[in-house]
Amino acid sequence: MNSRNCIIVLTKAPLPDIAKLRLAPHLSKIERAYLQRLFLLKIKEELDFNADIFICYTKHEGSIESLKYIFGNDCNYFEKEGNSLGEYLFNAFKKVFDLGYKKAVLFSTDAPELSKKTINDAFDILLDRDFVFTPSTDGGYILVGMKELSKEVFSLEKYNHSNVLLDTVKIIEGLGKTYGLTEVLEDIDFYEDLQAYVNRMESRGIVNDIVTYIKTIKRISTIIPTYNSENTIENIIKVLDKIKDSTEIIFVDGGSTDKTLSLIPSEFKVLTSEKGRAVQLNTGARASTGNVLFFLCADCVPPDSFVDEIKILARSHKIGSFGVKHNSKNILILLHCFVCNLKTCLYSQVLRQQGLFIDKDLFFQMGMYKEIPIMEDLEFSQRIRERKLSVELTMQRNLFKGTNYDDERLIKKIKKNNKLRRMYRQGVDINKIYELDLEEDDNGQQDN
């Protein structure tokens, strides 16, 4: 014991399975863990003054090692005890008061704007007050300090409402005790709080590691239109199930009459709309929460690494595409895939099977997909070119599976689609093209 004062940092270790759980599914486990590490490093910068430091952490395999890597061996470490937030707080204060400390302040690591000055102000307030709080804008508090242990102060039944501080102050006043407040700060509990934090820092001319990292994080919303897709949807679900914690997944069904809906796992968001790929994609975009939209056909399988590839490209490009490949060894089919991908690079043309991803704000600025019955992909590609925007192609490709397509049927379909696209470019009425598509479609189901 080197001081009569101590600081308690209430935290979780920067580990993928436990860090920043309320930021899921917007952030992946790895992203949440790295962000927690940055928060802890920021807190460490604010602990350089005359008080002993205690790290009160959530028990988990590897926690103590990862925390000591950040805070070092000069701090004191102990595990959180209790079954509720109130019990965690009381037991942490009891631990240090039992050791003989006269003043203690405790705070969580959810408020990267907490500064040395605020912590010092808290200790100054305790010179002539019994308790001190740093209020948060959501009605709770970020820091609490005291110079005499009190269990009543932590006796609230719930700590997830907007009157936590107000109700706590009423308890203190009922005990005949005094309290003081430092400046009000913002904490980061939810995904929306991250951008708000970036905006505040930039308005003050502050750029730190947290701001820089948050700006690199892209939340992906994967939108899949379906219509009688039971023969192909299980292929895509196998891939999506592996990455469901790192991307928002939205299926938009156009009125399937087969088993499509029953094959979609309950943890995925499912919407319904009128039949029509453009209508369905726009419906999914409006309901999305991400800042990058990835439009995926139900008969294509994206690469396992598709979320990471999108995030990497989205840091520097507003629009991208995976392109398409096929397992066939038929030279005509392989040539078709090559030409489609080449046109993406040269002319910013992205067909539906190629997997377009786009900055959400840009997508809405462009007016979304035009809700026409067919050729919405070509029409949108034309607007991309008119804006002189380029489409960046990823390293990996979408695998086109199709529905019961052998090589002969697939070549026939490719020829049909090429003819319809020529008609569209020649200005043929879109409804006539759509009617011809239905007449010539020998597969009996919508391309999604």
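The values are calculated or read from the model by the stated rules, or taken from the named source; none is laboratory data. Predicted, not measured: the structure shown is a model, and the values here were computed from it. Positions of Cβ are backbone-derived with ideal geometry, glycine not excepted, and every protein chain shown enters the neighbour counts.
Would you kindly identify the strands (runs of 3 or more DSSP E) lying entirely within segment 1-96 that contain at least 3 residues that are crowded, with 18+ Cβ neighbours inside 10 Å?
Strands (runs of 3 or more DSSP E) meeting the threshold: 5-11, 52-57.
From (1) crowded, with 20+ Cβ neighbours inside 10 Å; (2) within 27 Å of ILE217 (Cβ to Cβ), pick out the condition that doesn't hold for ASN341.
Answer for ASN341: the failing condition is (2).
List the number of the failed condition for THR260; all other conditions in (1) buried (at least 21 other Cβ atoms within 10 Å of the Cβ); (2) in contact (Cβ under 8 Å) with a residue 60 or more places away in the chain hold.
Condition not satisfied by THR260: (2).
Of all residues in segment 107-123, how many are out of contact with any strand residue (DSSP E or B) (no Cβ under 8 Å at 6 or more places or on another chain) and not in a helix (DSSP H, G or I)?
Qualifying residue count for the region: 2.
Which residue, of GLU65, GLU46, GLU79, is at pLDDT 95 or above, in contact with a Lys or Arg (Cβ under 8 Å, 6 or more places away or on another chain) and farther than 11 Å from ILE8 by Cβ?
Going through GLU65, GLU46, GLU79 in turn, just one is at pLDDT 95 or above, in contact with a Lys or Arg (Cβ under 8 Å, 6 or more places away or on another chain) and farther than 11 Å from ILE8 by Cβ: GLU79.
Can you list the strands (runs of 3 or more DSSP E) lying wholly within segment 137-254 that have 1 or more residues being touching a strand residue (DSSP E or B) at 6+ places or on another chain (Cβ under 7 Å) and under 30 Å from ASP304 (Cα atoms)?
220-226, 248-253
Check LEU410, LEU378, LEU393 and return the single one that is in the same structural domain as GLN353 (by TED's automatic domain parsing), modelled with pLDDT of 90 or more and over 18 Å from VAL279 (Cβ atoms).
One residue alone meets the criteria, LEU393.
Filter segment 289-304 down to the residues that are within 16 Å of the chain's Cα centre (by Cα) and surrounded by fewer than 20 Cβ atoms within 10 Å (Cβ to Cβ) and list them by number.
THR289, ASN291
Residues to consider are VAL279, VAL324, VAL270, VAL350; find the one that is of a type outside the set (Phe, Trp, Tyr), touching a strand residue (DSSP E or B) at 6+ places or on another chain (Cβ under 6 Å) and in contact (Cβ under 8 Å) with a residue 60 or more places away in the chain. Write out each step before concluding.
Working: VAL279 fails: touching a strand residue (DSSP E or B) at 6+ places or on another chain (Cβ under 6 Å); VAL270 fails: in contact (Cβ under 8 Å) with a residue 60 or more places away in the chain; VAL350 fails: in contact (Cβ under 8 Å) with a residue 60 or more places away in the chain.
Matching residue, one of VAL279, VAL324, VAL270, VAL350: VAL324.
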